[in-house]
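Structure, as C-alpha cells:
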Amino acid sequence: MSGIKGKVIALTGASSGIGEATAVHLAERGAHLVLGARRKDRLDAVVEAITARGGSAVGVVVDVRRREDLARLTGTAVERHGRLDVLVSNAGTMAVSPFDELRQDDWDDMVATHITGLLNGIGAALPVFRSQRSGHFVNVASTAAYVVKSPQAVYAATKTAVKVLTEGLRQESGPDLRVTLVSPGFTHTEGVGKGASPETAAAMVRQRDEIAMPPSAIASAIGYAIEQPDGVDVSEIVVRPTAQA
Ligand code: NDP
C-alpha cells in the first residue's frame, strides 16, 4: 500500500510537539492514528482535535519505558483496524545537564525512554509486521546523533543508539519491511530545555526562540517517508533549521 490514506499508524510521544504535529499531518492525509503518551489530558485533546475535523484517531496512555504499554499500543491498532502499517517511535526527553550535576535519574530516564522505549516498540511491532509481511518503523533521533555538544552527551549517546539500532534493524528487515530514521535539528516545541538544568534550559530556550523550525517541518518529513511506495525505503532524513550550525 503506498501513500498515507488508509494506513494504520501508531505513534508515541503524540501529546505535544513533533508527535502532535505529525499526528495532525497524517490524520489530514487519511491515516488511522493510534496515539500514545503519558499525559491523558493532552493526548485526549489531540485526539479530539483530529476527530473534530473528521480524522481517525484514538489515544492510549503509554509509558514507552514499559514493555506492556507498547504491546497495548500496537494491540489497539490491530484490534481496531486489523493491522498495523507504521510505528513512529518519537517519545523523548531532553533533560540535559552537565555531568558534574550528577543528575543520574535524568540519565537513566533518557536511556530508558530512548533506548529501552525504542526496543519495546520494535518488540511489539516486529511480530505484527512479520505476520503481515509488511510494516514500517519510523524512529526519531536527533542531529545530536551526529555531533555531540556539551552538556548534551547523555542525550546524544542515547540518540546515537537510536541511529545505530535503526540501521541494524534496517539491515535485518528484509524485503517486506521499511525502516526510516528521522533526525530533527532545533524544533520549536515545549520539550526543548524541559527538565534540563536551569542554565542549560535557558540557553536552549533562547536558541530555540531564535532559530528553531516549526514541528510541521518534521511532520512532513515523516509523511514523506511513509507515503513512498512499498518497495521504496527512505532510510535516513536529517532536517535542521538553516541557521543551525
Ligand atoms: P515534546 O516534549 O513536545 O514531546 C515529547 C513527547 O514524548 C511528548 O508527547 C511526551 O508525552 C512523550 N514522552 C516523553 N517520555 C515518554 C514516555 N516515557 N512514554 C511515553 N511518552 C513519552 O518534545 P519534542 O516534540 O521536541 O520531542 C519529540 C522527539 O523529537 C523526541 O524524541 C526528541 O528527543 C526529538 N527531538 C526534538 C528536537 C527539538 O529541538 N525539539 C530536536 C531533535 C530531536 P508525555 O509527557 O505526555 O508522556
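Throughout, read-outs are computed from the coordinates displayed, never taken from laboratory work. Here the structure is a predicted model, which is why all the values come from computation and not from measurement. Cβ sites come from the backbone with ideal geometry, for glycine too, and all protein chains shown count toward neighbours.
Contact order for the stretch 51-153, expressed relative to its length and based on alpha carbon pairs under 8 Å spaced 6+ residues apart, stands at 36 percent.
Got a sec? How would Lys40, Lys163 order by Cβ neighbour count within 10 Å, fewest to most? Write out the running numbers ahead of the final one.
On the way: Lys40 12, Lys163 18.
In order of increasing Cβ crowding within 10 Å: Lys40, Lys163.
Legend: ranking of residues His25, His114, His81 from fewest to most surrounding C-beta atoms inside 10 Å; resulting order His81, His25, His114. Annotation: lysines with alpha-carbon distance below 26 angstrom to Lys7 (same-chain offsets under eight excluded): Lys40, Lys163.
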